[in-house]
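Asks: The structure is given below, and queries will be raised subsequently.
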Amino acid sequence: MNNDATMLTDAISGRLRDAGAVLVGFADLAPLADETRLGFPRAVSFAMPLTPSIVAEIGEGPTEAYAAEYNRLNALQTQIAKDTAAFIESQGWRAQARPATGDWSPTTIRAPFQHKTAATLAGLGWIGKCDLLVTPDYGAAIRWGTVLTDAP
């Protein structure tokens, strides 16, 4: 990686961590079909943990507190992704913030691009038996955000 790319990577990582991300990674999307990666060659992946006490309350299914936490993190991550995309664009690169949730088809139950795809390719975790992305430090009690880009 050249010096400019390293500086951009460090700047993006710092901004995401300052915004509350506990995991940040960068993915090469080349192994994916062009339509899957929406025409972008790379992705920035970031994660924010769910509040542990709220996760601990989940027994038989989601609670009201979990729903509120989920919605809070979704709104925060969507805004952070938009801010990150705007920063990348200000540096002269294309970028597209992916919404935290909500842009999936109720017919096919598929999203154009899944956050766990970027996070897995960035080496931030693995797909567990639960079909969720699992990380060493947070298990699956984490929410993911993604910015697609052509930045190096």
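Asks: Here are the criteria: (1) touching a Ser or Thr at 6+ places or on another chain (Cβ under 8 Å); (2) open to solvent by less than 60 Å² (accessible area, probe 1.4 Å); (3) not aromatic (Phe, Trp, Tyr). Tell me which single one ALA86 does not satisfy.
Replies: Just one mismatch for ALA86, condition (1).
Asks: Only residues that are out of contact with any Lys or Arg (no Cβ under 9 Å at 6 or more places or on another chain), part of a loop (DSSP other than H, G, I, E, B) and under 22 Å from THR9 (Cβ atoms): list them for segment 117-134, please.
Replies: Result: ALA122, GLY123, LEU124.
Asks: While we're looking at this one, here's another question. Against the definition (in a loop (DSSP other than H, G, I, E, B), touching a strand residue (DSSP E or B) at 6+ places or on another chain (Cβ under 9 Å), farther than 24 Å from ALA30 by Cα and in contact (Cβ under 8 Å) with a residue 40 or more places away in the chain), how does ASP137 come out, yes or no?
Replies: Considered against the rule, which asks whether it is in a loop (DSSP other than H, G, I, E, B), touching a strand residue (DSSP E or B) at 6+ places or on another chain (Cβ under 9 Å), farther than 24 Å from ALA30 by Cα and in contact (Cβ under 8 Å) with a residue 40 or more places away in the chain, ASP137 comes out as yes.
Asks: Which is closer than 19 Å to ALA122 by Cβ and touching a Pro at 6+ places or on another chain (Cβ under 8 Å), of ALA43, ALA19, ALA30, ALA47?
Replies: Only one candidate passes the filter, namely ALA30.
Residue-wise test of (1) open to solvent by less than 60 Å² (accessible area, probe 1.4 Å); (2) without any contact (Cβ under 8 Å) to a residue 40 or more places away in the chain.
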| position | (1), (2) |
| --- | --- |
| LEU8 | yes, no |
| ALA11 | yes, no |
| ASP28 | no, no |
| ALA33 | yes, yes |
| ARG37 | yes, no |
| PHE40 | yes, no |
| PRO49 | yes, no |
| THR63 | yes, yes |
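The values are calculated or read from the model by the stated rules, or taken from the named source; none is laboratory data. On a predicted model such as this, the values are computed, not experimentally measured, just so you know. We place every Cβ from the backbone using ideal geometry, glycine too, and count neighbours over all the protein chains shown. Each accessible area value is taken on the protein alone, full model and side chains, heavy atoms only, with ligands, DNA and RNA left out. Shrake-Rupley method; radii C 1.70, N 1.55, O 1.52, S 1.80 Å.
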